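Notes follow once the structure below has been shown.
The values are calculated or read from the model by the stated rules, or taken from the named source; none is laboratory data. Just so we're clear, the structure is a prediction, and the values are computed from it rather than from any experiment. Positions of Cβ are generated from backbone atoms using ideal geometry, with glycine treated the same way; all protein chains shown enter the neighbour counts.
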Amino acid sequence: MTIIDKFMRQHSLTEDEYLELLQHWQDGDVVKRLSEEAVKLRKQHYGDKVFTRGLIEFTNYCRNNCYYCGIRRDNRNIGRYRLDCGEILECCRDGYALGYRTFVLQGGEDPYYTDSRMAEIIREIKKNFPDCAVTLSIGEKSYESYKLFREAGADRYLLRHETADDSLYSSLHPDEMKLETRRQCLYDLKKLGYQVGAGFMVGPPGQKLEHLAKDLVFLQELHPQMVGIGPFIPHHDTVYADKEAGSVELTLFLLSVVRIMLPKVMLPATTALGTMDPVGREKGLNAGANVVMPNLSPVKNRKMYELYDNKICTGEEAAECRGCLGMRVEAAGYRLVEERGDALE
Ligand code: SAM
Ligand code: FES
């Protein structure tokens, strides 16, 4: 039995076996087999539905200094902004009218948003839009903070683990950031009943297939409801300005592997994928993804939330983003739906 057959049958492998599987990422026949299986599984659970999450990038201040990230603390060349509660609610109002039923509040780790401020924002969104899910993506916090946000009504939390390998994690982040803290946060979030999203970039400097095999084992163990995977893209004002971007093909391969490993997972075709390839998000859907995350942030702020160079969709109004994605998704044979889109388990 080949490693591909074994994976198709069991939907899980050991680290060494994942490495063997990953070594086939450029083999056309294997890519085809895996993507067909991934699409079959997605159809089985979610039909032709593509779920939307309205992304509100509400602050680009960050106390962290991740070497790859365009809004890192030491980047003095970007204008910084924060949205207040009223502005965030305005984004939600626009999004609700366009059919979004999940709002993702994403930002740097910005101390201005104290726990009580954050809880107040969550409560306001849930009060005004009770049929919508609130997803947070605001980094590492204490168990108590996550608990407070959960009690305020937050449903989901996105915190990519970035890499499950200690030494790669240390090479991508300053000393004060530890993989162990990241892992603990993810397990805390699970314990508190959040639908949890982990994930990683494909192709940051120093990443090898061995590291990706560890990521897959970590995801297998954590069993998150969502997984965010996108190519690394350099940003001109970071330590990695001159590094090469990650591969679209390897990202697509990993999307298929993750769909097969976690058949009911919510898997976005990311903006980074759409930035690297004009039809990257459509390719993502055809590899097993079932979520898109259009931007709901005010147009005046979008260019300032520049995590990497040439980020797409920074000029369009929310309505244009919705229209454009709707057409793209339908042309690719799927249906954008007006639902909260909770993971099936
Ligand atoms: N502060 C929150 C956190 O740490 O989870 C959320 C914001 S952070 C900018 C969201 C994600 O952007 C990170 O988890 C990282 O994987 C991704 N990201 C950052 N810089 C990137 C780059 N240069 N290329 C691709 N993705 C990047
Ligand atoms: Fe904080 Fe990127 S370094 S969001």
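How many residues are aromatic (Phe, Trp, Tyr), under 18 Å from the mean Cα position of the chain (by Cα) and away from ligand 2 (no atom under 16 Å from the Cβ) if we restrict to the range 29-72?
Within the range 29-72, the subset aromatic (Phe, Trp, Tyr) is 46, 51, 58, 61, 67-68.
With under 18 Å from the mean Cα position of the chain (by Cα) added as a condition, the list becomes 51, 58, 68.
Subsequent filtering for residues that are away from ligand 2 (no atom under 16 Å from the Cβ) retains 51.
Within the range 29-72, residues that are aromatic (Phe, Trp, Tyr), under 18 Å from the mean Cα position of the chain (by Cα) and away from ligand 2 (no atom under 16 Å from the Cβ) number 1.
Residue-level analysis places GLY203 outside the set of residues that are at pLDDT 95 or above, touching a Lys or Arg at 6+ places or on another chain (Cβ under 7 Å) and under 25 Å from ARG53 (Cβ atoms).
May I ask you to verify whether SER297 is small (Gly, Ala, Ser), modelled with pLDDT of 95 or more, buried (at least 17 other Cβ atoms within 10 Å of the Cβ) and under 26 Å from LEU89 (Cα atoms)?
Considered against the rule, which asks whether it is small (Gly, Ala, Ser), modelled with pLDDT of 95 or more, buried (at least 17 other Cβ atoms within 10 Å of the Cβ) and under 26 Å from LEU89 (Cα atoms), SER297 comes out as yes.
Residues in the range 172-216 that are within 10 Å of ligand 1 (Cβ to nearest atom) and aromatic (Phe, Trp, Tyr): PHE200 only. The single condition from (1) more than 12 Å from ligand 1 (Cβ to nearest atom); (2) touching a residue at least 60 places away in the same chain (Cβ under 8 Å); (3) within 15 Å of GLU162 (Cβ to Cβ) that VAL257 fails is (3).
From the list LEU89, LEU159, LEU98, the lone residue that is closer than 27 Å to GLY203 by Cα and hydrophobic (A, V, I, L, M, F, W, C) is LEU159. Filtered by the rule that a residue be within 19 Å of GLN106 (Cβ to Cβ) and either of a type in the set (S, T, N, Q) or at pLDDT below 95 (or both), the range 318-342 gives ALA318, CYS321, ARG322, LEU325.
Is there any pair linking a residue in the range 181-201 that is touching a residue at least 12 places away in the same chain (Cβ under 8 Å) to one that is small (Gly, Ala, Ser), with Cβ under 6 Å and at least six apart or on different chains, and which? Short answer, once both residue conditions are applied: LEU186/ALA198; GLN195/ALA343; GLY197/GLY228; GLY199/GLY228. For GLY193, indicate whether it is more than 20 Å from TYR113 (Cβ to Cβ), in contact with a Lys or Arg (Cβ under 7 Å, 6 or more places away or on another chain), exposed (fewer than 14 other Cβ atoms within 10 Å of the Cβ) and of a type outside the set (Phe, Trp, Tyr). So GLY193 fits the description; yes. Take the conditions within 11 Å of ligand 1 (Cβ to nearest atom) and in contact with a Cys (Cβ under 8 Å, 6 or more places away or on another chain) and apply them to LEU158. Does it pass? Taking the combined requirement at face value, the residue does not satisfy it.
Consider the range 82-112 and keep the residues that are of a type in the set (D, E, K, R) and either out of contact with any Cys (no Cβ under 7 Å at 6 or more places or on another chain) or at pLDDT below 95 (or both). The one that is nearest to ligand 1 (Cβ to nearest atom) is ARG82. Within the range 61-85, residues that are of a type outside the set (Ser, Thr, Tyr) reach partners that are outside any loop (DSSP other than H, G, I, E, B) and more than 14 Å from ligand 1 (Cβ to nearest atom) with beta carbons closer than 7 Å, at six or more positions or on different chains, in the pairs CYS85/GLU120; CYS85/ILE121; CYS85/GLU124. Per the conditions (1) crowded, with 24+ Cβ neighbours inside 10 Å; (2) away from ligand 1 (no atom under 14 Å from the Cβ), the sole criterion not satisfied by LYS283 is (1).
Starting from residues that are among the aliphatic types (A, V, I, L, M) and more than 15 Å from ligand 1 (Cβ to nearest atom), keep the ones in the range 113-133 and report whichever is nearest to PHE149 (Cα to Cα). Only one residue fits best here, namely ALA119.
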